[in-house]
Amino acid sequence: MAIDDSPSSIFSPWPDRLRHAAIILLAAALALSVVVALGELSPVRACAVFACIAAAALVPWRLHDNATSREDVRGVNPVETAAVNAVVAGMPDPAVLLDRAGRVIHLNSAAAELAPALRKNELAQFALRSPEIITALREAIATTEPRRATYTDHVPVDRWMELVITPVPVPTQFGGTDKCMLMTFHDLTPLRRVEEMRADFVANASHELRTPLAALSGFIDTLQGPARDDVRARERFLGIMHGQATRMARLIDDLLSLSRVELSAHVRPETSIDIVPIIRQVADGLEALASERQVEIEIDLPERPVTIAGDREELLRLFENLIENALKYGASGGRVIVSLSQAAQDAASPEVRVMVRDFGPGIAPEHLPRLTERFYRVDVGDSRNQGGTGLGLSLVKHILNRHRGRLLIESVPKNGATFTACFPRLKTTVPAQS
């Protein structure tokens, strides 16, 4: 292969050199022809002179190549080189490099995902609409000093971001120095959510745990005092204490699950999951509770896989809460229907809908808007008797929000209730993980 390529690599530049030196060679040929015609020079000597001129014009002298390369380099802006682009693209956080006018020179994929309206050679102010960002950017351009700004991004979910604008000195084409603006975005959402989780956990836990702890403390005092030798009272109080302890354990478990979901609410799951076997697994696991409540679970699911982008453990918890609620609070209807359908919310966003319907007493209309609030109960006494913590539907709502879905609740008093979990369908076909 090297033998075949060497002649072409040696002789390929000669046509270009001949074209560039054509005027010189033509002028030399005409001048020498006139001199020979006048008898001032012999043809042999004229040919020798022409050969020398042709060699000088066609041979690629080193000085000539160096000058050309310097001119080529001068025509390229040092900031727009591939090396600078690679540095910006390799930054882990969203990063955008701007010139002094605020036009985008380079941006990495994380920045393009954060702000899809950003375009090269266009003003960043038109793509970044947040007032905090625009103010910080204008001040940094005007003063060439670092600036910081924090703002909240509400689409598609709430995210707390910090913007850092750093002036970067760069060389110019003519050997001088200019300053570009490097914008980096830092996601403060995990830290913010951890702070909120800590405050919410303390407030909710202290409020909800106060009643069972007071009951346990009272029963212990009774067993240590008046009921010390009362066998029947001891058995009764120990059963109540066991129920209160179980309720506290479930409450803490729900609070921790809710906190974990809220912590990652801004990160959408990307794993392809077949939800049909997940629903069947949950229904099979609740057969014992259904038998105890004398309720029949009817399942209407397709035979073929139905995939969504989701988190398996969170989906298990979601369907478990919905079906368990139907078995507990709709037991008087005698049956619960779990079905799956694929509908189109609109032409561009098809949905996968999982419906859980009971035929119990239903829910009054004034309660429907507040069902997903933390610790909200339609009937506080009945909810606690059923072992509920008041967090089940709140957890369902937050799991659906993380999956970019939605929860629909329909109910008519004395005619049961239907809870529908809607998930966006996958746009591309990915192997499912059941």
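The values are calculated or read from the model by the stated rules, or taken from the named source; none is laboratory data. Computed from a predicted structure; not experimentally measured. Counting neighbours? That spans all protein chains shown, and the Cβs are built from the backbone with ideal geometry, glycine included. Note: areas computed on protein heavy atoms with side chains; ligands, DNA, RNA excluded. Shrake-Rupley method; radii C 1.70, N 1.55, O 1.52, S 1.80 Å.
The set of residues in the range 286-325 being part of a helix (DSSP H, G or I) and more than 33 Å from the chain's Cα centre (by Cα) consists of 287, 288, 289, 290, 291, 292, 293. Inclusion of residue 234 among residues that are open to solvent by 60 Å² or more (accessible area, probe 1.4 Å), modelled with pLDDT of 80 or more, basic (Lys, Arg) and outside any loop (DSSP other than H, G, I, E, B) is warranted. Of the listed requirements (1) at pLDDT 85 or above; (2) of a type in the set (A, V, I, L, M); (3) surrounded by fewer than 17 Cβ atoms within 10 Å (Cβ to Cβ), residue 430 misses just one: (1). Residues that are at pLDDT 80 or above and loosely packed, with under 10 Cβ neighbours inside 10 Å within the range 215-230 comprise 224, 225, listed in sequence order. Number of residues in the range 146-168 that are part of a strand (DSSP E or B) and open to solvent by 80 Å² or more (accessible area, probe 1.4 Å) equals 2. The set of residues in the range 224-257 being of a type in the set (Gly, Ala, Ser) and either more than 29 Å from residue 376 (Cα to Cα) or in contact with a Phe, Trp or Tyr (Cβ under 9 Å, 6 or more places away or on another chain) (or both) consists of 225, 227, 233. Taking the criterion of being within 23 Å of residue 89 (Cβ to Cβ), surrounded by fewer than 17 Cβ atoms within 10 Å (Cβ to Cβ) and at pLDDT 80 or above, the residues of the range 171-200 that qualify are 179, 186. As for the range 401-409, it holds no residue that is over 25 Å from the mean Cα position of the chain (by Cα), at pLDDT 85 or above and of a type in the set (Gly, Ala, Ser).
Of all the residues that make up the range 265-285, how many are over 25 Å from residue 359 (Cα atoms) and either among the hydrophobic types (A, V, I, L, M, F, W, C) or not in a loop (DSSP other than H, G, I, E, B) (or both)?
5
Filtered by the rule that a residue be exposed (fewer than 11 other Cβ atoms within 10 Å of the Cβ) and either farther than 30 Å from residue 24 by Cβ or modelled with pLDDT of 70 or more (or both), the range 53-79 gives a lone residue, 55. Residues in the range 371-400 that are among the hydroxyl-bearing types (Ser, Thr, Tyr) and at pLDDT 75 or above: 3 in all.
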